[in-house]
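The values are calculated or read from the model by the stated rules, or taken from the named source; none is laboratory data. Since the structure is predicted, the reported quantities are computational estimates derived from the model, not experimental observations. We place every Cβ from the backbone using ideal geometry, glycine too, and count neighbours over all the protein chains shown.
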Amino acid sequence: MGRATRSTNGRGDIPRPSMRARRTAPAVAVEAPLPADGQKVLVVLAHPDDPEYFCGGSVARWAAEGSDVAFCLVTSGDKGADTADVDAPELARRREEEQRAAAKVLGVRTVVFLGRPDGMLEPDLDLRRDIVRAIRRFRPDTVITCDPTTLFSHDKGINHPDHRAVGLATLDAVYPAAGSALFFPDLLGEGLAPHKVLRVYLAGSQSPDTTIDVSLYFERKLQALRCHRSQISDFDELAAEMRRRYLDPAAPPEAPRHIERFRSLEPFD
Ligand SMILES: [Zn+2]
């Protein structure tokens, strides 16, 4: 999804190590503690294809190593085109199918769509409640979302407002609402008891502190991205750009590797 291939709803949202991170990266990148076997990981993001861009390699790795990963997409990407003659509901249906196919490639069995309008998200109490509901249903150990403080996505890009809105609403849902019976008592009536998330990984962060080596799973990330055919005009160009972008700048040329980076939070520590 380079500039030539991105639609408006995702343009500029490809996370990559910031220039600051490149300059200060240690010679040996710090590895994150991976979710242990049997852990549950919930990915909450705005648009179909966001999971693949932001964390597809990590998701593939965690799923392969025994974690149960679920996707919660807040919109169905109905503005993922630039022309007015597009049938938005039909585009949304197509993008949901593309997302389910990509999830299957990554080893993700559960995909939930909240059905909110693309491009119009606000981090309001309604969205917070919907995300609390998703957290209490799936009961994850780890939640992955966007870093809502990223206003400029990389050197010259503007981060999509939906990404910021979902990141903020998800943080607000994790702490304190999902873990407290006093928030959204109507959810107790749905049988959804409070649940405390142990760890949050923020994707697309400009201050990442956590590195996941996804070298063994990078081709699977690309294969999953390829499922989003409605959003890609030239997959080969995209794949080449992705291979460059996710290359670990700290790895020696004779031993290249691909990484995804996150900022980690432990909200109840
Ligand atoms: Zn997006």
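Please verify whether R93 is surrounded by 15 or more Cβ atoms within 10 Å (Cβ to Cβ) and not in a loop (DSSP other than H, G, I, E, B), treating the condition exactly as stated.
no
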When (1) within 16 Å of the ligand (Cβ to nearest atom); (2) in contact with a Gly (Cβ under 6 Å, 6 or more places away or on another chain); (3) not in a loop (DSSP other than H, G, I, E, B) are applied to D118, the one that fails is (3)
Here the qualifying pairs (Cβ atoms under 9 Å; residues six or more apart or on different chains; first in the range 163-179 and at negative phi and in a loop (DSSP other than H, G, I, E, B); second among the β-branched types (V, I, T) and modelled with pLDDT of 95 or more) come out as Y175/V197; Y175/V200
Taking the range 150-169 and the residues there that are within 15 Å of H47 (Cβ to Cβ) and of a type in the set (D, E, K, R), the one that is nearest to the ligand (Cβ to nearest atom) would be D162
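Where residues in the range 251-264 are crowded, with 18+ Cβ neighbours inside 10 Å and of a type in the set (A, V, I, L, M), which of them is farthest from G56 (Cα to Cα)?
For the range 251-264, the residue satisfying everything is A251.
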When you scan the range 183-196, do you find a residue that is touching a Pro at 6+ places or on another chain (Cβ under 9 Å), in a helix (DSSP H, G or I), surrounded by fewer than 23 Cβ atoms within 10 Å (Cβ to Cβ) and not hydrophobic (A, V, I, L, M, F, W, C), even just one? no
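Can you pull out every residue in the range 208-221 that is in contact (Cβ under 8 Å) with a residue 40 or more places away in the chain and either over 16 Å from the mean Cα position of the chain (by Cα) or assigned to a helix (DSSP H, G or I) (or both)?
D209, D213, S215, L216, Y217, F218, R220, K221
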For the range 45-59, pairs from a residue that is more than 7 Å from the ligand (Cβ to nearest atom) to a residue that is among the hydroxyl-bearing types (S, T, Y), with Cβ under 6 Å and 6 or more apart or across chains, are G57/Y217
Within the range 152-162, residues modelled with pLDDT of 95 or more and part of a loop (DSSP other than H, G, I, E, B) come out as I158, N159, H160
Residue set V112, V86; condition surrounded by fewer than 20 Cβ atoms within 10 Å (Cβ to Cβ), modelled with pLDDT of 95 or more and β-branched (V, I, T); output residue V112
